[in-house]
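The values are calculated or read from the model by the stated rules, or taken from the named source; none is laboratory data. Here the structure is a predicted model, which is why all the values come from computation and not from measurement. When we count neighbours, we look across all protein chains shown, and the Cβ atoms used for this are built from the backbone with ideal geometry, even at glycine.
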Amino acid sequence: MSLSREQFERIEQEELTPIPKRILNRILNGKTNQEIRKDETVWYNLDICEYLDIHKCDNIKQIVEQIKKEIEKLEAQKEKNDNQLKKLKKLKSEVQDLYNFRKSSSGKSKPLLSKHLRAICDKFRIKSTRNIEDDLLKVMKYFVGYKQDKISSAARARFELLGRIPYPGGSIPTYSLYYQYRYYNQNDYLENKCLSQIENAGKEAILIRIKGPHLMGKTSFKNRLLNNKLASNNQLEVVDIDLAEHFRIFQKEKSKIYHWFCSELCQQLGLNAEDIFQRWGQAIESVSDCTLFVEKYILSEIAQPILLSFDNFHKIFESSNFSEFSSLLRSWHDNKAKNNDKWRNLVLILTYSTSDYPRFNINQSPLFNLGQGWNLGDFNYQEIQELSDKHQLDWGVEQVEKLMSFFGGNPYLIRLALYHVAVEGMSLDTVLAKATTNEGIYKDHLMQLYNIVNDARLTDDLRKIVNNQDYIKLDSPISNFHLYSAGLVIQNNNKVKPRCRLYRDYFADILQ
């Protein structure tokens, strides 16, 4: 993109004048040009509403004359109120815009809107193609790259931004409009909460853990964090290590693990690893060796903060070297970064699944109390409604509630249902009717869960849970923890029940 994120945000937040800003917001909300032309609130602001209300007058010509008289009266005074004068002159200009708008029945609305649309494109440095829709599409693509959560489903449809609906499974590309943001509260997203923390890179010790069962969207969420404002503007370096590709390294001796890790850091940061290892001149055999190497040859060489991300961190949980490696990262965060300016430049993100805790016989989170942990859970009603809109399904309360009654808010289960309804043409009733059967779209997912439960010898406890209609307390807290970590149950005051109706119905049948 020719505009950096910083340039884009400055234009969007600071450089647009009020009317173009209001027009752009309505375009982002999916309004058509015809709807915008008819919308008086586009052409005047609340000051005018208040002024019209105070003077009880709808005659714009009279209002303009009244404002002119007030301006002349103020200018005639020896001691002028400059702020009031400036406000009145601005008001006069905006009322004049409203007057022009109300004359639009004579055909002046179209050129007035076109002028402002052209101004929007010019602000975003879009070279004119003489086709304003094509130029606006380029503006929308900036929002796809930098602020896609502001683009409504109607605007996506208007500019044909959605493209092919991706099949659920695997991460969603950062540019995809099918990504669903997670609400942290009613007014903001969890992604923004984490990004605001990352923007303090170099100023404080930062370690973020993103966890949850399989298929919760953890990697997609992590990728959003890596694609941050500082990285886009080359103010932060990113190192992203996927341990699903490198977990076998952790089955080797420690010196090979630390050598690989330091080499990977050098390679992704564009440093000459061969030259650096030659200067180092010895094996990296311990935690202290690795720490010294990173401090001397990585943090001293790179001026910007470094965002170091480990995806699929759970892949090394069962390694005999896991405890020492996680202790290394803990010491970098708790001891180094909290007490050393240089180490504060190293921001850590760990993304891992809790689903395999039962198989590894892990009885509590191995990264408990390390940094800031975020558990990615179910979609809420609003998130599911937004996602169904992106799939261009004209669903109301009935369909969304029916979906949630069967799947809760499980992101993978919800996405798979939406995909088969939107792309494969299945009805929602058919998806639900066959959900627990071998003909259903969830058969592979359910079998994978059954294997986890069976391998971990949790079938007896799960049978008790699915055969009760309310929360129950298990005799074994460890079983409770493992079933929760696998994403099969929800908890309340140390009691559990099936996470959704799909799991209750399936396991009640297969475990009878």
Q.
Condition first: without any contact (Cβ under 8 Å) to a residue 12 or more places away in the chain, among the aromatic types (Phe, Trp, Tyr) and more than 21 Å from GLU424 (Cβ to Cβ). Can you find one or more residues in the stretch 356-375 that meet it?
A. yes
Those residues of the stretch 466-483 which are under 16 Å from GLY408 (Cβ atoms) and touching a residue at least 40 places away in the same chain (Cβ under 8 Å) amount to VAL466, LEU483
ask   = Quick check: is even one residue across the stretch 342-358 at pLDDT 95 or above, assigned to a helix (DSSP H, G or I) and touching a strand residue (DSSP E or B) at 6+ places or on another chain (Cβ under 8 Å)?
value = yes
Within the stretch 133-157, of all residues that are among the charged types (D, E, K, R) and crowded, with 19+ Cβ neighbours inside 10 Å, the one modelled with the highest pLDDT is ASP135
Expected single match for closer than 30 Å to PHE322 by Cα and modelled with pLDDT of 95 or more among LEU370, LEU446 is LEU446
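Yes or no: SER326 among the small types (Gly, Ala, Ser), within 26 Å of ILE151 (Cβ to Cβ) and part of a helix (DSSP H, G or I)?
Values: among the small types (Gly, Ala, Ser): yes; within 26 Å of ILE151 (Cβ to Cβ): no; part of a helix (DSSP H, G or I): yes.
No: the conditions fail for SER326.
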Listed by first then second residue, the pairs whose first member lies in the stretch 64-76 and is outside the structural domain of LEU88 (by TED's automatic domain parsing), whose partner is not in a helix (DSSP H, G or I), with beta carbons under 8 Å and at least 6 positions apart or on separate chains, are none
In the stretch 300-319, anything in contact (Cβ under 8 Å) with a residue 60 or more places away in the chain and surrounded by fewer than 21 Cβ atoms within 10 Å (Cβ to Cβ) is listed as ILE302, GLN304, ASN312, SER319
Exactly one of TYR179, TYR184 is without any contact (Cβ under 8 Å) to a residue 60 or more places away in the chain, in a strand (DSSP E or B), among the aromatic types (Phe, Trp, Tyr) and out of contact with any Pro (no Cβ under 6 Å at 6 or more places or on another chain), and that one is TYR184
Flagged in the stretch 331-359 as under 16 Å from VAL294 (Cβ atoms), within 23 Å of the chain's Cα centre (by Cα) and buried (at least 22 other Cβ atoms within 10 Å of the Cβ), in numbering order, are LEU346, VAL347
By residue number, the members of the stretch 387-399 that are under 17 Å from ARG158 (Cβ atoms) and surrounded by 18 or more Cβ atoms within 10 Å (Cβ to Cβ) are LYS390, HIS391
Pairs returned, first residue in the stretch 9-34 that is loosely packed, with under 15 Cβ neighbours inside 10 Å, second residue that is of a type in the set (D, E, K, R) and not in a loop (DSSP other than H, G, I, E, B), beta-carbon separation under 6 angstrom, 6 or more apart or interchain, are GLU15/LYS123
Picked from the stretch 260-283 (must be among the hydrophobic types (A, V, I, L, M, F, W, C) and in a loop (DSSP other than H, G, I, E, B)), the residue surrounded by the fewest Cβ atoms within 10 Å (Cβ to Cβ) is ALA283
Within the stretch 311-323, restricting to residues that are in contact with an Asp or Glu (Cβ under 9 Å, 6 or more places away or on another chain) and assigned to a loop (DSSP other than H, G, I, E, B), the one that is farthest from ALA205 (Cα to Cα) is GLU318
Across the stretch 359-390, the tally of residues that are closer than 21 Å to LEU190 by Cβ and assigned to a loop (DSSP other than H, G, I, E, B) stands at 11
- [ ] Kindly indicate whether ILE208 is surrounded by 17 or more Cβ atoms within 10 Å (Cβ to Cβ), outside any helix (DSSP H, G or I) and touching a residue at least 40 places away in the same chain (Cβ under 8 Å).
- [x] yes
Selection from the stretch 254-292 of residues in contact (Cβ under 8 Å) with a residue 40 or more places away in the chain and β-branched (Val, Ile, Thr) yields ILE257, VAL287, THR291
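Each row is one residue, and each column tells you yes or no for (1) closer than 23 Å to PRO166 by Cβ; (2) in contact with a Leu (Cβ under 6 Å, 6 or more places away or on another chain); (3) assigned by TED's automatic domain parsing to the domain that holds ILE208.
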{"site": "TRP343", "(1), (2), (3)": "no, no, yes"}
{"site": "HIS391", "(1), (2), (3)": "yes, yes, no"}
{"site": "ASP394", "(1), (2), (3)": "yes, no, no"}
{"site": "VAL423", "(1), (2), (3)": "yes, no, no"}
{"site": "MET426", "(1), (2), (3)": "yes, no, no"}
THR430: passes all of (1) over 19 Å from MET216 (Cβ atoms); (2) surrounded by 14 or more Cβ atoms within 10 Å (Cβ to Cβ); (3) modelled with pLDDT under 95; (4) not basic (Lys, Arg) but (3)
